[in-house]
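Since the structure comes first, as structure tokens, the remarks are kept for the end.
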Amino acid sequence: MKKPKELKVKPIRNGTVIDHITANKSLSVLKILGLPHDQSKVTITMNVQSSHMGSKDIVKIESRELYSSEVDQIALIAPKATINIIRDYEIVEKGKVQLLSEIKSLVDCPNPNCITNTIEPIYGKFYVIKKEPVLLRCHYCDRLMEEEEIESQF
């Protein structure tokens with residue numbers, strides 16, 4: 001029996017690899033990062049088999065490292081993601097995203113009557129009630145916000 005040719009994704013010289021993204025969430029990760037844009041080189045792998053997660057997505061971004069605020073946003077939609085910083089084809093830094101216990105200014109409260117949705121200069125503040133699936137509670141109006149509502153903001 002003929003064995004199929006294995007296709008490999010070309011490694012990146014410098015940049016970031018976001019691994020262990022919840023399956024089918026990689027496009028939301030790209031939206032958070034404002035990618036792709038004119039000069040960006042991005043590789044997306046979706047629904048690949050994972051021994052830890054069943055299936056997962058992977059995003060490789062050449063010549064770009066992430067800001068901590070971007071990593072915080074990714075944690076909201078992919079709480080098991082890992083961030084690998086690549087320099088000269090080597091992983092120089094590897095870490096898991098950390099879902100903070102308190103989320104400030106990253107998402108907006110979906111309650112139209114919440115004080116954060118008025119002319120008052122108050123930004124959203126949420127407490128993490130549950131990490132999987134992500135469930136947030138608004139500090140001001142106690143409205144619960146589920147993963148789908150969070151993802152729709154990105």
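Taking each residue as 0.36 nm, the span from Ser55 to Arg13 lengthens on full extension beyond its C-alpha to C-alpha distance by 12.5 nm. Helix 68-77 versus the longest principal axis of the chain: what angle, 0 to 90°, nearest 10, using Cα atoms? The answer is roughly 90 degrees.
With R₀ set to 35 Å, the beta-carbon distance separating Lys94 from Lys3 gives a calculated FRET efficiency near 0.65.
Charge tally around Asn84: other residues with Cβ under 12 Å, Lys/Arg +1 each, Asp/Glu -1 each, net 0.
For the range 102-151, the relative contact order comes to 32 percent (Cα pairs under 8 Å, sequence separation of at least 6). Once the Cα-Cα distance is subtracted from the 0.36 nm per residue extended length, the Leu35 to Cys141 segment shows a gain of 34.8 nm. Subtracting the Cα-Cα distance of Thr43 and Ile129 from their residue separation scaled by 0.36 nm leaves 27.6 nm.
Put simply, the range 15-154 fits an ellipsoid with semi-axes of 29, 16, 13 Å; these come from the alpha carbon gyration tensor as the roots of five times its eigenvalues, largest first.
Selection among Thr118, His139, Val107 by position relative to the dipole of the range 102-151 gives His139 as farthest towards the positive end (Cβ unit charges, Cα centre).
The numbers here are math on the coordinates, done by the rules we state, and not lab data. Please read these numbers as outputs of a predicted model, since none were measured by experiment. Cβ: placed from backbone, ideal geometry, glycine included. Neighbour counts: every protein chain shown.
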